[in-house]
Amino acid sequence: MKGKIVKIEADWVLPVTSPPVKDCAIIVVDDVITNVGEKRYLSKFPCDEIIDCSGKILLPGLINAHAHLELTGFKGKIKRGLSFTDWAREVVSMRNSYNENEIISSIKNGLDELISSGVTAIGDFSQTGITARIFKEKGLKGTVFLEFAGFNPELKDQRMKVLKEKIPQSPPLVKGGGGDYVRFGIAPHSPYSVSRDLLKESYKFAKNKGFPIAIHISEIPEEVEFIKGGSGAMRGLLTEFGVWDDDWKIPYSTPVCYLEGLGILKGTTGIHLNIVTDEDIRILKENDVSVVYCPGSNRWFGRNWKYPLREFLNNDINVAFGTDSLASNECLNMFYEMRIVKENFPDIDNNTILRMATINGAKAIGFEDVTGGIAVGRKADIIGVDVKESSITDPVEYVINMAERVSFAMAAGKIIKDR
Ligand SMILES: [Zn+2]
């Protein structure tokens, strides 16, 4: 066998792709997991190094399927209780005043917070694309979704030109070795901020090149009101931003139906989807849309309606979690997100919640079969949580109820946070 062989031993391993194992060992060759099993069966396995993680629960690196790391520096700077449109005004004006150094330090600070809370892969919406370089420096995986708006059709050609300039060719990922850990994708901002033609053309471009696509969809009542009837606060905001289009045709439908009608939903990742109808859910399933639920962001905004999580799960839709940005969340911590879900949905079992924070996230950001589980052939993205009690019987429950930080993190076989 070629490559450096490392054995990691721990009290518990939660592979996610299979049931928890007590007194477990994982064999990693270079960046890939090659064996997972009880310690006693792997005791004689020849290896170059043993990493002792006794007193810890190991699990796959968590996946934050939706962030805006460029906005990390906004933490605590936007007051709570604003309407969404007032919030958007604040964010846009603050974002315009940020220079490149502030953006870079925002991204780095955000990543440090995510690494210390066990995240090893991220779906980041980025206006600059700078995140890709920093993901690589930090050894993380991720899809950098280049985000753009452009409601007025006159902006289409310029936006497409910028997108094509920013997006380099990224080689496809290969399970079990090779490939690139950092990919690019595209993110038309939302159905209310991007014109029909720009939505369609950017989708076609991404599909032809094999880039993943993500869009904010059905986040707020103002968006639904606008797409259904062309009225409300959103129209005022677009006018104020100088992008209103007098010839815009009102879709007279829900945001989901509108995007399906444009033919741009197939395989897309939908961020939020806070407000949906039964028909929307059917369409999302039919189009294999992954949904990214942002529990902390919804809490921050004080949205007190029930998230349709149960409905998505009942319809076998892939649901992942995202932190969104610190312009609308208290922290960048996936354990915090999981705990909010547990509070909001005490009847949803812990294994399902953990899957949403790991393997489902991998699918949502275009890393299906590569990360999100501790299984043979997947990349060695492994985190460790300290067990502070003398004995535990349910390690999944322990992680969801108790974990806040990790004391060990490995990404593609490299230690990024040491014990
Ligand atoms: Zn977002």
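The values are calculated or read from the model by the stated rules, or taken from the named source; none is laboratory data. Here the structure is a predicted model, which is why all the values come from computation and not from measurement. Positions of Cβ are backbone-derived with ideal geometry, glycine not excepted, and every protein chain shown enters the neighbour counts.
Name the residue, out of Val289, Val276, that is at pLDDT 95 or above, under 18 Å from Pro221 (Cβ atoms) and in the same structural domain as Arg196 (by TED's automatic domain parsing).
After applying the criteria, what remains is Val276.
Residue-by-condition table, conditions (1) touching a Lys or Arg at 6+ places or on another chain (Cβ under 7 Å); (2) more than 30 Å from His216 (Cβ to Cβ):
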{"site": "Asp369", "(1), (2)": "yes, no"}
{"site": "Asp394", "(1), (2)": "no, yes"}
{"site": "Ile400", "(1), (2)": "yes, no"}
{"site": "Glu404", "(1), (2)": "no, no"}
{"site": "Ile415", "(1), (2)": "no, yes"}
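What single numbered condition from (1) closer than 22 Å to Val119 by Cβ; (2) surrounded by fewer than 19 Cβ atoms within 10 Å (Cβ to Cβ) fails to hold for Asp246?
The single condition Asp246 does not satisfy is (1).
Do any residues in the stretch 346-375 that are at pLDDT below 95 have Cβ atoms under 7 Å from those of residues that are of a type in the set (Val, Ile, Thr), where the two are at least six apart or on different chains, and which pairs are they?
Every condition considered, the pairs that remain are Gly366/Thr143.
Of all residues in the stretch 288-318, count the ones that are under 12 Å from the mean Cα position of the chain (by Cα) and either among the small types (Gly, Ala, Ser) or away from the ligand (no atom under 16 Å from the Cβ) (or both).
1
Search the stretch 117-144 for residues being outside any strand (DSSP E or B) and within 15 Å of the ligand (Cβ to nearest atom), and hand back the single one that is farthest from the chain's Cα centre (by Cα).
The residue in question is Gln127.
Show me the strands (runs of 3 or more DSSP E) found entirely inside the stretch 1-113 where at least 2 residues are within 25 Å of Met338 (Cα to Cα) and of a type in the set (Gly, Ala, Ser).
Output list reads 49-60, 62-67.
Quick check: is even one residue across the stretch 332-347 farther than 29 Å from Val21 by Cα and among the basic types (Lys, Arg)?
no
Can you tell me which residues in the stretch 150-182 are surrounded by 17 or more Cβ atoms within 10 Å (Cβ to Cβ), modelled with pLDDT of 90 or more and out of contact with any helix residue (DSSP H, G or I) (no Cβ under 8 Å at 6 or more places or on another chain)?
If the condition is that a residue be surrounded by 17 or more Cβ atoms within 10 Å (Cβ to Cβ), modelled with pLDDT of 90 or more and out of contact with any helix residue (DSSP H, G or I) (no Cβ under 8 Å at 6 or more places or on another chain), then Asn152 is the only one that fits.
Filter the stretch 379-397 down to the residues that are of a type in the set (Val, Ile, Thr) and over 15 Å from Val28 (Cα atoms), then identify the one that is surrounded by the fewest Cβ atoms within 10 Å (Cβ to Cβ).
By that ranking, first place goes to Thr393.
For Val319, which of the numbered conditions (1) over 23 Å from Gly302 (Cβ atoms); (2) surrounded by 21 or more Cβ atoms within 10 Å (Cβ to Cβ); (3) without any contact (Cβ under 8 Å) to a residue 60 or more places away in the chain; (4) β-branched (Val, Ile, Thr) fails to hold?
(1)
Considering only residues that are more than 16 Å from the ligand (Cβ to nearest atom) and either touching a residue at least 60 places away in the same chain (Cβ under 8 Å) or surrounded by 20 or more Cβ atoms within 10 Å (Cβ to Cβ) (or both), which ones fall in the stretch 53-72?
Selection gives Cys53, Gly55, Lys56, Ile57, Leu58, Leu59, Pro60, Gly61, Leu62.
Do the conditions hold for Leu332, that is, is it within 16 Å of the ligand (Cβ to nearest atom), farther than 22 Å from Pro221 by Cα and at pLDDT 95 or above?
So Leu332 fits the description; yes.
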